[in-house]
Amino acid sequence: MANSSAPASLDIAEQVARILRSQEETQKFAAEQRKLIAEASKLERDRMLAPWQIVMSSMAAGAALFGAGAAFIKLIGP
């Protein structure tokens, strides 16, 4: 009877080890998936903000050119 219980306990230990490995792999996969989802949402946010960045930088460049023109006119003018 003692001989038959030893293989069963080894079999159970093997199953437990396999389940633990499977859970660890699942947790790694879920962590990688969360990382990819966060990266995708960041890229989506950047894509949505890109037109506004172009508008704001264009307005800043226009204001700088207007200021430079005004300073040049003031320097040359009477």
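What follows is calculated from the coordinates using simple rules that are stated; it is not laboratory data. The structure displayed is predicted, hence computed values, not measured ones. Glycine also receives a Cβ, built like all others from the backbone with ideal geometry; neighbour counts cover every protein chain displayed.
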> Given only helices, namely DSSP H runs of n ≥ 4 each adding -39500 (n - 2.57), what is the per-residue ellipticity at 222 nm of the chain, to the nearest 500 deg cm²/dmol?
Replying inline: -36500 deg cm²/dmol
>> Can you report the principal axis dimensions of the chain using only the alpha carbons, biggest first, rounded to whole angstrom?
In response: 114, 19, 5
> Any idea what angle helix 2-76 forms with the longest principal axis of the chain, computed on alpha-carbon atoms, 0 to 90 degrees, nearest 10?
Replying inline: 0
> Under a point spin-label approximation (7 Å from Cα along Cα-to-Cβ), what is the Ala40-Phe72 distance to one decimal in nm?
Replying inline: 5.0
>> Using 0.36 nm times the number of residues separating Phe29 and Ala63, minus their current alpha carbon distance, what extension gain do you get?
In response: 7.3 nm
